[in-house]
1. Please list the non-local residues whose amide H lies under 5 Å from the amide H of Ser217, H modeled 1.01 Å from N, same-chain partners needing a gap of 5 or more.
2. Could you check the simple spin-label distance between Arg183 and Ala28, using points 7 Å along Cα→Cβ, in nm with one decimal?
3. Could you check the simple spin-label distance between Arg134 and Lys172, using points 7 Å along Cα→Cβ, in nm with one decimal?
4. Accessible surface of Tyr133 in the full protein assembly, 1.4 angstrom probe, to the nearest 10 Å²?
5. At a Förster distance of 35 Å, what's the computed FRET efficiency of Thr146 paired with Arg122, Cβ-Cβ distance as r, to 0.05?
6. Can you list residues whose amide H is under 5 Å from Thr173's amide H, if they're 5+ apart or on another chain and H is modeled 1.01 Å from N?
7. In whole Hz, with x marking every Gly and Pro, tabulate ³J(HN,Hα) for the stretch 232-237 from phi via Karplus 6.51 cos²θ - 1.76 cosθ + 1.60, θ = phi - 60°.
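The values are calculated or read from the model by the stated rules, or taken from the named source; none is laboratory data. Everything numeric here is computed off the predicted structure, so don't read it as measured data. Note that we place each Cβ from the backbone using ideal geometry, even for glycine, and neighbour counts take in every protein chain shown. Remember, those area values only see protein heavy atoms, side chains included, never the ligands or the DNA or RNA. Shrake-Rupley method; radii C 1.70, N 1.55, O 1.52, S 1.80 Å.
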Amino acid sequence: MAEEEKNEGSGDELADDAAQSEQEASEAEEEAAEAEQEAAEPEDEAPDAEREAAEPAEEAAEPAEEAAEPAEEQEVAEPEAAEEPEAELGPKEKRKRERSRSSGPPGPPRSPAERATERAARRRTASERRRRYRAGRRHKRGEPGTGTPPALREPGPKKVRQGTVVSAGGDKTITVEIAVVRRHPTYEKVVRRTSKLHAHDEGNQAQQGDVVRVVESRPVSRTKRWRLLDILERAPR
């Protein structure tokens with residue numbers, strides 16, 4: 001009987017030990033889960049804290065931007081106001097401004113007729129001053145001089161050409177052909193060239209085929225700048 005009681009007592013103790021170990025294991029699991037939850041909570045709260053810290057900074061930046069915008073508008077508006085040129089004043093406004101700036105005691109009151117009389121007197125005085133100034137300038141300048149005498153024109157020698165009459169059909173006009181024979185400076189070859197000109201023949205003396213000499217003269221017509229000088233050789237009839 002005693003052994004049975006001991007066995008029963010030992011069995012109850014084992015059951016109590018098993019239940020206590022299970023309870024401790026469940027408590028350890030609960031503590032581990034709570035620790036994990038507590039470790040995860042700061043990570044979730046960090047973004048909230050950062051967000052809460054950023055929101056006041058943004059709210060403080062917004063008034064600063066609003067305050068900066070009027071300053072920029074003011075800076076832009078000031079040059080525009082400075083660039084506006086002053087309105088040009090007319091002659092009357094300029095005189096009024098000069099009178100207002102002038103120092104000294106004011107003059108007595110005057111009627112429009114008195115002002116017109118004073119104005120006419122000032123104009124007469126200015127006109128007389130201008131007249132005296134111009135007269136003095138003319139007196140200083142003196143009488144106009146003769147200047148440099150014109151240079152004497154000495155005509156140079158006139159050109160003379162010799163040629164053959166190729167046409168004498170016109171009235172008081174002959175066509176003379178002039179042959180120029182020259183040696184080429186580079187190729188040493190004799191080069192013959194001919195040119196024609198119109199000459200004035202007052203008496204129609206020259207005939208076709210005559211050898212004549214012509215001299216340059218004043219323009220007689222649109223094409224005649226030469227005049228018949230003499231006939232050197234008559235053509236056979």
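1. Trp226, Arg227
2. Reported label-point gap for Arg183 and Ala28 is 14.1 nm.
3. Result for the modelled spin labels: 5.6 nm.
4. Approximately 150 Å² for this residue.
5. 0.20
6. It is Asp201, by chain and number.
7. 7, 8, 8, 7, x, 9
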